[in-house]
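What follows is a single structure, written as structure tokens, with notes after it.
Nothing in this text is a laboratory measurement; each read-out follows from the coordinates by a stated rule. Treat the numbers as computed from the prediction; the structure is a model and nothing was measured. Glycine also receives a Cβ, built like all others from the backbone with ideal geometry; neighbour counts cover every protein chain displayed.
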Amino acid sequence: MALARVQNFAISLDGYGTGEGQSADAHFGHAGDRLHQWMFATRWWDAGGSGGVDDAFVQQHDPGIGAEIMGAGKWGHPGWQDDADWKGAWGPNPPFHTPVFVLTHHTRAPIEMEGGTTFHFLDASPAEALAVAREAADGKDVRIGGGPTVVNEFLAAGLVDHLHVVVVPILLGRGVRLWDGLEGLEKDYRVEATSSPSNVTHVTFTRVAS
């Protein structure tokens, strides 16, 4: 069966996947771009960037993905539901290029964007959303894109087959944490860690066959 994957999900040392104070002008709140600077330095992001360890991991973001699931906070910002013309925080040609299923209580008609991305809006449980996304993925993997609340909920439901977390050596102190309520999660996975010269640590969780 196709996998449910989390790729390149960055968190701080204290476990925050986004900062506090998210807005239209601050998509990651007070964290700014500090959780993702390691990615911006890679060849995947910029042709003149590094081709090292970080690039090797981030290059796994797209291959084999047929659909994405994300939360309303990753798609937009607090209050987006009050703007009928809002089309998300990712510009006219979002970097997903697949059907994207946005989990929200504020559903609306699908929005077709450039480059093959169409946003669909679901008020559904993780299991229900994954079933819909798998059908749309047509045999390919489904990426659980975030934010931290969505990834946490899919992990808690036992629905994630492969998890790639990038631990960035900063302390945010506030925001939304990834790991809350997931005590003992590691028992169901083979866990490997790879350090990078950029000072981030790539931690992968691969589900152990039962």
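So here's what we get for this one:
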{"item": "Protection proxy ranking, peptides 141-147, 169-175, average beta carbon neighbours within 10 Å, highest first", "result": "141-147, 169-175"}
{"item": "Loop-located chymotrypsin sites (Phe, Trp or Tyr not before Pro) in the range 79-141, at most 10 other Cβ atoms within 10 Å (DSSP)", "result": "none"}
{"item": "Taking the convex hull of Cα positions in the range 59-124, its mean projected area over all directions (nm²)", "result": "4.6 nm²"}
{"item": "Assigned charges on the beta-carbon of Lys, Arg, Asp, Glu; the chain dipole about Cα centre (debye)", "result": "320 debye"}
{"item": "For the range 149-210, size of Cβ-based charge dipole, Lys and Arg +1, Asp and Glu -1, in debye", "result": "140 debye"}
{"item": "GNM top mover of Val151, Val53, Val200 - the chain, alpha-carbon springs below 10 Å", "result": "Val53"}
{"item": "Theoretical FRET efficiency, 1/(1+(r/R0)^6), r = Cβ-Cβ of Leu171 and His97, R0 25 Å, to 0.05", "result": "0.15"}
{"item": "Residue exposure sequence - Asp46, Asp25 - by fewest surrounding Cβ within 10 Å", "result": "Asp25, Asp46"}
{"item": "Length-normalised contact order for the range 1-81 - Cα pairs under 8 Å, 6+ apart - percent", "result": "26 percent"}
{"item": "Range in the chain, longest, excluding exposed GluC sites (Glu not before Pro) [loop by DSSP; at most 15 other beta-carbon atoms within 10 Å]", "result": "21-182"}
{"item": "Mean Cα-pair separation over length for the range 137-210, i.e. relative contact order, pairs under 8 Å, 6 or more apart, %", "result": "34 percent"}
{"item": "The chain, relative contact order in percent, only Cα pairs under 8 angstrom and at least six apart counted", "result": "30 percent"}
{"item": "Within the chain, percent of DSSP bridges classed antiparallel, to nearest 5", "result": "45 percent"}
{"item": "Counted charge near Val208, where neighbours are those whose Cβ lies closer than 11 Å (Asp, Glu -1; Lys, Arg +1)", "result": "0"}
